[in-house]
Structures are given as structure tokens and as C-alpha cells.
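Written out below as C-alpha cells is the structure these notes cover.
The values are calculated or read from the model by the stated rules, or taken from the named source; none is laboratory data. What you are looking at is a predicted structure, and each value in this text was computed from that prediction instead of being measured. Using ideal geometry, Cβ is built from the backbone for each residue, glycine included, and neighbour counts are taken over all protein chains shown.
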Amino acid sequence: MATFCLQSLGCEASTIHTVNYSNHTAYKRWKGRKTPASEIADLWTGLKEASLDDFDMLLSGYCPSADIVAEVGVIARELRARRAAAATSEKTFFWVLDPVMGDNGKLYVAEDTVPAFRGLVGEADLILPNQFEAELLSGVAVRDLRSMGEAMEKLHREFGVPHVVITSVRLPATEEGMKMTVIGSTATSDRQPRMFRVTISAFPVFFSGTGDMFAALMVSRFREAAGEAGVLGREHWMSDDGVQATELPLARAAEKVLASMHAVLRDTAEEYARVARGLEVQAGVGEDQRHLRLTRAAEVRVVRNVEWLRQPPDVGDFKAMPVVIGGDE
């Protein structure tokens, strides 16, 4: 998913897989294995020996164990050092880290992965946790906008993360029926949050791969927005303190990303509903086969809708709004 999205938006990308599975795990059956950390190191060495390590960005995602998290950190440090020493005016290196650990209160990585990520996120430029992962990283239980602000401030101030986008946010103060909110922030020079939110419709379908899709699209769109704002040459692509939250390059990127994703997921949800209706009237389909067919129907229809990645539709419907934390929050 991530590689396709990056390449569709014109990014040259090399991929090291942290798992090699026949299919995603929502099917409840798969073949393959998690990639050992030693093999990830070997693959990275192979890229270096072939002089294929001249990257100015890194996107890292699912790391099922602490030793893989550590190996990703090694790769990121080497890339940053290589870029800084390069004989070019373009010396900035940007690392987007998606600290995939779990969701809805449940871990789906080894427990030692959590402290490993907590020790690493401060080296990244942009992190993309969901609400549960933001709680794990910050140690703040997010129950309302005020506690969200506390978690965001801790990630900026104590961990030193310049940019944060928290996905899959569901709060009493932001919920409106089948809605989901994304809350982002770029720190000021004194590490204070500048928070914005974008609210989108949620669909009653379990999609697999949307986190990878969001992360990959953010890589491309944030780079694009940072270039338009003239901050690509700055360390961490930081904006001046006078830039308001909703005018941040990060906010501009999130708007386009969510517009693309909403269109693709809406089309996927319609296909899922069509298949589900057919199964309701089809006799003799067992529960196991029904699950497999519905899971396949929920496969994100990203390839056939690639133009929506390149030209996000209805971006004006996904405008970033300021996050205002009132006294009663």
C-alpha cells in the first residue's frame, strides 16, 4: 500500500518489508513470517553496497518487536548523517515515523516495542500515532480536548517531536455520529502546540492498510506543502511562529490526504455494501466463506482510484479548523 501510494505521487522509493505475509491478517489466515531484524540490517547493507542509499526521506511503520525498532533507528541515523555530509545544498533529511503498536486499547506488537518507540520518536521529524498510540507514547490518557492538548504538548516538549498528527481520534467534544477526527500540530520555537483538526465521515467497514495509506500520502503531500511554504531548506521543515495552526503546511497536507482517502474509502465501502447485499440473498454460504468474501470486498480500492490520489476531490470539504480548548473541556 505505502509503496504504491508513494510511487503514484512521483516518489522514487525503495522498500524493506518488516513482514512478508501472503495477505493481511484481517482474513484470519495467512502464510509467511515477520522479518528478523538481522535480515532488515542485511537488506539495508545491500542497498548501501549498491550505492542505493541516497534518500532524503524515510517512512517507517509496523515494527513487531523492539529489535526491529532499534534497527530502524540505526537506518534513520545513518541516512541523516549521510545527508548532512552530502556535497549538495539539499542537506535536510526528514523522517516520518508511524509508531504502529495497537488500536482501541489493544496492543498488536510485543510489549517491549512500546518503550522502544518511546525512546525513538524524539529523533523523528513527524510522527503519526493513532489516539491509543499517542496515549502509550505520552503517558496521558486522552479523554477530551484538554487532555489531547496535554498529550500533544508532551510529545512536543518532552520528546522533542516537531510535527505530530494523531489519527482515529474519537472524543465526546468532536464526535458527531459517524465521524472521525484527525488532530495535528507543528510546534512553535518554544515547543508549544499549534493544533488543528480535520473531521471526516467514518464508514461502517473495517479497512486494512489505511494507516499505511495515510502515512505514505502524508510523506508526499507534506513535502509538497513545505515546498510551497518555502521551508524545505529548514531543519525539520519548521514554520515561523506567526503561522497559525490552520495555515501550517502540515494542515494543508492533511486536507489533501484526507480528501483523497475519503473518496477512495467511499468507493470501497460502496463495493463492500454491494457484496454484502449479494451474500444476504445467496443461500448456502457458510460463515467462513462469508467472512473471506467480505474481507476481500473491503480491500481498499486504491489502484482503480489512483487519480483521486493525484488529484484529491472536494478538498474544500476537508478544511482544517483550529482546536480551541475551553475552560469546560
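Out of everything in region 224-245 that is on the phi > 0 side of the Ramachandran plot and part of a helix (DSSP H, G or I), what residue ends up being surrounded by the most Cβ atoms within 10 Å (Cβ to Cβ)?
Of the residues in region 224-245, the ones on the phi > 0 side of the Ramachandran plot are 230, 236-237.
Keeping just the survivors that are part of a helix (DSSP H, G or I) gives 236-237.
Working: His236: 20, Trp237: 23.
Ranking the candidates gives Trp237 first.
Residue-by-condition table, conditions (1) under 30 Å from Phe93 (Cβ atoms); (2) free of Cβ contacts under 8 Å to residues at least 12 places away in the same chain; (3) touching a strand residue (DSSP E or B) at 6+ places or on another chain (Cβ under 6 Å):
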position	(1), (2), (3)
Ala202	no, no, yes
Val219	yes, no, yes
Glu247	yes, yes, no
Ala251	yes, no, yes
Tyr272	no, no, no
Glu280	no, yes, no
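From the list Val323, Val315, the lone residue that is in contact with a strand residue (DSSP E or B) (Cβ under 9 Å, 6 or more places away or on another chain), closer than 30 Å to Val243 by Cβ and among the aliphatic types (A, V, I, L, M) is Val323. In region 96-107, the residues that are surrounded by 14 or more Cβ atoms within 10 Å (Cβ to Cβ) reach residues that are among the acidic types (Asp, Glu) with C-beta atoms within less than 6 angstrom, at least six apart or across chains, in these pairs: Pro99/Glu133; Met101/Glu133. When Val69 is tested against the conditions (1) loosely packed, with under 13 Cβ neighbours inside 10 Å; (2) in contact (Cβ under 8 Å) with a residue 40 or more places away in the chain; (3) not small (Gly, Ala, Ser), the lone failure is (1).
Rundown of residues vs (1) among the polar types (S, T, N, Q); (2) in contact with a helix residue (DSSP H, G or I) (Cβ under 9 Å, 6 or more places away or on another chain); (3) closer than 21 Å to Gly119 by Cα, yes/no style:
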residue	(1), (2), (3)
Ser168	yes, yes, no
Arg191	no, yes, yes
Arg194	no, yes, no
Ala229	no, yes, no
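Specify the residue that is surrounded by the most Cβ atoms within 10 Å (Cβ to Cβ); the eligible residues are those in region 274-283 that are hydrophobic (A, V, I, L, M, F, W, C) and farther than 17 Å from Ser208 by Cβ. Can you show your working first?
Taking region 274-283 as the starting set, the residues that turn out to be hydrophobic (A, V, I, L, M, F, W, C) are 275-276, 279, 281, 283.
Among the residues that remain, those that are also farther than 17 Å from Ser208 by Cβ are: 279, 281, 283.
Numbers: Leu279: 13, Val281: 6, Ala283: 4.
It comes out as Leu279.
Name the residue that is modelled with the lowest pLDDT, counting only residues in region 64-121 that are under 14 Å from Leu136 (Cβ atoms) and of a type in the set (S, T, N, Q). Across region 64-121, the extreme among qualifying residues is Asn104. Which residue pairs have Cβ atoms closer than 6 Å, lie 6 or more positions apart in sequence or on different chains, and pair a first residue in region 284-301 that is surrounded by 13 or more Cβ atoms within 10 Å (Cβ to Cβ) with a second residue that is of a type in the set (Gly, Ala, Ser)? Listed by first residue and then by second, the contacts come to Thr295/Ala26; Val300/Gly209. Being assigned to a strand (DSSP E or B), under 21 Å from Met321 (Cβ atoms) and at pLDDT 95 or above is a property that does not hold for Arg221. Determine, yes or no, whether Phe159 is outside any helix (DSSP H, G or I), crowded, with 18+ Cβ neighbours inside 10 Å, of a type outside the set (Lys, Arg) and touching a residue at least 60 places away in the same chain (Cβ under 8 Å). Spelling it out, it is not the case that Phe159 is outside any helix (DSSP H, G or I), crowded, with 18+ Cβ neighbours inside 10 Å, of a type outside the set (Lys, Arg) and touching a residue at least 60 places away in the same chain (Cβ under 8 Å).
Could you please find all residues in region 264-285 being assigned to a helix (DSSP H, G or I) and more than 20 Å from Ala202 (Cβ to Cβ)? Can you show your working first?
Of all residues in region 264-285, those assigned to a helix (DSSP H, G or I) come to 264-281.
Hits for region 264-285 are Arg277, Gly278, Leu279, Glu280, Val281.
Small (Gly, Ala, Ser) and in contact with a Lys or Arg (Cβ under 6 Å, 6 or more places away or on another chain) - does that describe any residue in region 92-110?
Filtering region 92-110 down to residues small (Gly, Ala, Ser) leaves 102, 105, 110.
When the remaining residues are screened for being in contact with a Lys or Arg (Cβ under 6 Å, 6 or more places away or on another chain), the result is none.
The answer is no; no qualifying residue exists.
In the set (1) within 22 Å of Cys5 (Cα to Cα); (2) in contact with a strand residue (DSSP E or B) (Cβ under 6 Å, 6 or more places away or on another chain), the condition left unmet by Asp267 is number (2).
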